Amino acid sequence: MKQAFFEYLLRLGDNALVLGHRLSEWCGHGPILEQDIAMTNIALDQVGQARSLLQYAGQVEGSGRTEDNLAYLRDVGGYRNVLLVEQPNGDFAHTITRQFLFDAFNYFQYEALRHSRDEHLRAISEKSIKEITYHLRYSSEWMIRLGDGTEESHQRMQAALDDLWMYTGELTEVTEVDEIMLDAGIGPGLHSIKGLYDEKVSAILAEATLQQPTGAWMQSGGKTGKMHSEHLGHLLAELQFVQRAYPGMEW
Amino acid sequence: MDPKQKALEAQFQARIDADEKIEPKDWMPDAYRKTLIRQISQHAHSEVVGMLPEGNWVTRAPSLRRKVALLAKIQDEAGHGLYLYGAAETLGIDRETLLEELHAGAAKYSSIFNYPSLSWADMGAIGWLVDGAAIMNQVMLTRTSYGPYARAMVRICKEESFHQRQGYEILLTLCRGTEAQKQMAQDSLNRWWWPALMMFGPSDGASTHTEQSMRWRIKRKTNDELRQQFIDATVPQADYLGLTVPDPALKWNDERDHYDFGEIDWAEFWNVVKGNGPCNRERLQARVKAHEQGAWVREAAMAYAEKRQQRQEERNINPRGLKNLAG
């Protein structure tokens with residue numbers, strides 16, 4: 001049970017960290033100054049959430065690891081984020097689509113986590129849900145704006161959706177850890193979240209005049225740590241550079 | 001000059017001399033307006049280009065706490081860019097035009113950002129020295145004669161002094177750390193010290209704009225005064241860190257009640273201004289690339305806004321959807 005809870009917190013924390021990190025790569029290079037600020041805002045929220053979650057994960061594990069030990073000293077196989085969030089930024093269409101496909105899931109997930117039996121996780125979720133509600137609104141609006149914007153933007157969005165769709169299955173895939181969390185009243189039932197997720201995604205895609213891909217094979221292996229994509233290693237090489245090059249120092 | 005014009009200018013100068021703020025709708029000489037547009041837009045561009053050397057480390061920040069703080073700092077800078085473009089717009093020029101000038105290489109930004117950020121310590125040095133130097137200038141500008149610029153500065157100064165402390169604290173942590181960390185901090189000071197001093201611009205004798213800007217109270221202190229003030233404030237801070245300022249001529253002068261310091265390499269200064277700094281090309285290219293790659297996003301956002309408005313209007317004219325029947 002403790003191991004499962006630790007794993008579960010890593011999943012939540014790693015999703016926030018990896019996606020926050022990806023967004024931070026845009027910093028200074030956004031398509032409009034206002035969007036640079038907005039993306040940095042989301043990155044800030046997510047890295048902030050990652051800190052709370054990884055700190056808590058360290059406590060639950062009980063072997064003295066801090067948020068930074070967990071973020072900076074685990075290799076690819078130790079990370080528990082879903083494949084979707086580690087995908088590269090690509091163009092703004094890919095970034096927005098990745099964000100939306102994740103936010104829609106994350107929103108329902110955290111809505112449910114507000115009622116978790118675990119008090120500390122409940123408190124983190126209560127704070128995070130406000131931020132995540134904003135993230136979902138932001139990414140939904142941009143899905144619609146770009147999907148229903150110009151011919152070019154529509155094509156770019158459709159291409160992004162086609163590229164990323166195969167990573168959506170993992171979001172609500174039920175693993176052993178999810179079952180243990182559900183039984184303990186800590187985590188939500190992913191079947192019911194899948195229903196809400198599908199509904200939300202279909203509605204936004206319709207408004208964005210985008211075609212929902214069908215029949216795609218769903219990739220998985222991120223949240224169990226069995227098989228990440230090649231992209232995560234590069235992300236970690238950058239994220240962890242200083243700590244790896246100068247081990248054991250205070251920064 | 002015709003007498004009417006002369007009277008207006010005299011009246012304008014009298015308001016300046018009485019320390020009144022000039023507001024967007026007030027009459028002002030063309031040259032005053034132009035000087036302000038040049039200065040405010042340079043300032044705005046500096047905030048935006050200044051995001052790049054720090055953005056270069058945001059993905060490599062050594063702890064999550066540092067990552068959050070650095071992200072927040074860069075975000076503040078983007079916000080400063082926005083206020084400043086807004087202040088420039090009150091003078092009758094739009095952001096798009098200012099950006100075109102930047103991208104064409106016609107507008108300047110602070111040369112300091114044409115130096116590379118090579119280590120984590122540079123995030124400390126940039127906050128401490130670059131923001132520190134900027135604050136000297138900006139505190140003065142909170143009292144500048146043009147109202148919107150002065151007010152933008154009040155907001156900006158509060159955040160900048162926070163950034164400066166944050167930068168100093170990064171270096172303090174390094175200096176209290178291992179030998180390798182202290183070395184990293186010293187190396188960073190060595191690289192940023194002289195460029196930071198150059199941020200105040202050419203010395204008073206060589207500055208073309210200072211005299212007129214002082215008369216208009218756009219500036220209230222000369223470049224050399226501000227530079228001296230910066231050095232006097234910063235050297236004791238370097239001492240506290242246990243770092244050596246890379247200037248063998250640096251020495252406290254009891255008579256002047258200031259630090260004496262060595263000659264700035266003005267050839268280097270002008271060379272970077274001319275575009276030959278280590279990162280001039282890269283910085284400009286990064287901005288142009290972001291702008292060009294963002295073009296389709298901006299176009300789509302506009303197209304969507306228009307469509308939405310059109311749909312709204314159609315609904316207002318024909319709330320029951322009778323339009324469909326018509327064709």
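Odds and ends about this structure:
- Residues whose amide H lies under 5 Å from that of A:Lys223, counting only those 5 or more places away or on a different chain, are A:Leu83; hydrogens are built 1.01 Å from N in the peptide plane.
- Ellipticity estimate at 222 nm from DSSP helix runs (n ≥ 4, -39,500 (n - 2.57)) divided over chain B, nearest 500: -21000 deg cm²/dmol
- Extent of chain B along its three principal axes (Cα atoms, max minus min coordinate, largest first): 87, 61, 33 Å.
- Share of Cα-Cα pairs in the protein assembly as shown lying beyond 32 Å, as whole percent: 54
- What you get for segment A:2-245, charging only the Cβ of Lys and Arg (+1) and of Asp and Glu (-1), is a dipole of about 560 debye around the Cα centre.
- Computed from the C-beta positions of A:Ala159 and A:Ala203, the FRET efficiency with R₀ = 22 Å rounds to 0.55.
- Helix-only arithmetic for chain A: the sum of -39500 (n - 2.57) across DSSP H runs with n ≥ 4, divided by the residue total, places the mean residue ellipticity at 222 nm at -22000 deg cm²/dmol.
- Note on segment A:2-245: Rg/Rh from Cα positions, Kirkwood definition for Rh, rounded to two decimals, is 0.95.
- Exposed loop sites are taken as GluC sites (Glu not before Pro) in a DSSP loop (any state but H, G, I, E or B) with at most 13 other beta carbon atoms within 10 Å; the longest stretch of chain A without one runs A:1-229.
- Result for chain B in a Gaussian network model with C-alpha springs under 10 Å: among B:Glu159, B:Glu20, B:Glu77, the largest mean-square fluctuation is at B:Glu20.
- Packing, as the average of other Cβ atoms within 10 Å across residues, places the peptides B:224-230, B:6-12, B:119-125, B:36-42 in the order B:119-125, B:36-42, B:224-230, B:6-12, highest first.
- Only protein heavy atoms count here; on that basis, with a 1.4 Å probe, A:Thr224 has an accessible area of about 40 Å².
- Amide H contacts under 5 Å for B:Lys219, placed H, 5+ residues apart: B:Met214
- Label-point separation, B:Gln309 to A:Lys226 (7 Å along Cα→Cβ), nm: 5.3
- Chain A - accessible surface per residue (Å², probe 1.4 Å): 39
- Residue with peak Gaussian network fluctuation, chain B [Cα springs, cutoff 10 Å], from B:Tyr304, B:Tyr149, B:Tyr168: B:Tyr304
- When chain B is treated as a Gaussian network with alpha carbon springs shorter than 10 Å, the biggest mean-square fluctuation among B:Leu64, B:Leu171, B:Leu98 belongs to B:Leu64.
- Segment B:295-302 - phi-based ³J(HN,Hα) in whole Hz, Karplus 6.51/-1.76/1.60, Gly and Pro as x: 4, 5, 5, 5, 4, 5, 4, 5
- Annotation for A:Asn69 and B:Lys289: the two label points, set 7 Å from Cα along the Cα-Cβ direction, are 3.9 nm apart.
- Converting phi to 3J(HN,Hα) with the Karplus coefficients 6.51, -1.76 and 1.60 and the offset θ = phi - 60°, segment A:37-45 yields 5, 5, 5, 5, 4, 5, 4, 4, 4 Hz in sequence order, with x at every glycine or proline.
- Estimated dipole of the protein assembly as shown in Debye, rounded to 20 [Cβ of Lys and Arg +1, of Asp and Glu -1, Cα centre]: 820
- Phi to ³J(HN,Hα) by Karplus 6.51 cos²θ - 1.76 cosθ + 1.60 over segment A:230-244, Hz, x for Gly, Pro: 5, 5, 4, x, 5, 4, 5, 4, 6, 3, 9, 3, 5, 5, 6
- A simple charge model with +1 on the Cβ of Lys and Arg, -1 on the Cβ of Asp and Glu and nothing else charged puts the dipole of segment B:134-283 at about 900 debye relative to its Cα centre.
- Amide proton proximity set for B:Ile22, modelled H, under 5 Å, gap of 5+: B:Tyr146, B:Gly147
- Checking the Cα-Cα distances for B:Lys158/B:Lys221; A:Lys200/B:Lys73; B:Lys67/B:Lys274; B:Lys25/B:Lys158; B:Lys73/B:Lys219; A:Lys194/B:Lys67 against a 31 Å cut-off, the pairs over it are A:Lys200/B:Lys73; B:Lys67/B:Lys274; A:Lys194/B:Lys67.
- Counts of other chain beta carbons within 10 angstrom of each beta carbon in peptide A:242-251 average 5.
- Modelled label reach - A:Met218, point 7 Å along Cα→Cβ, segment A:1-33 residues with backbone N closer than 19 Å: A:11-12, A:15
The values are calculated or read from the model by the stated rules, or taken from the named source; none is laboratory data. Computed from a prediction, not measured in an experiment: that's the story for all the values here. In this analysis, Cβ positions are derived from the backbone assuming ideal geometry, glycine residues included, and neighbour counts consider all displayed protein chains. Ligands, DNA and RNA are excluded from the accessible area calculation, which covers all protein heavy atoms including side chains. Shrake-Rupley method; radii C 1.70, N 1.55, O 1.52, S 1.80 Å.
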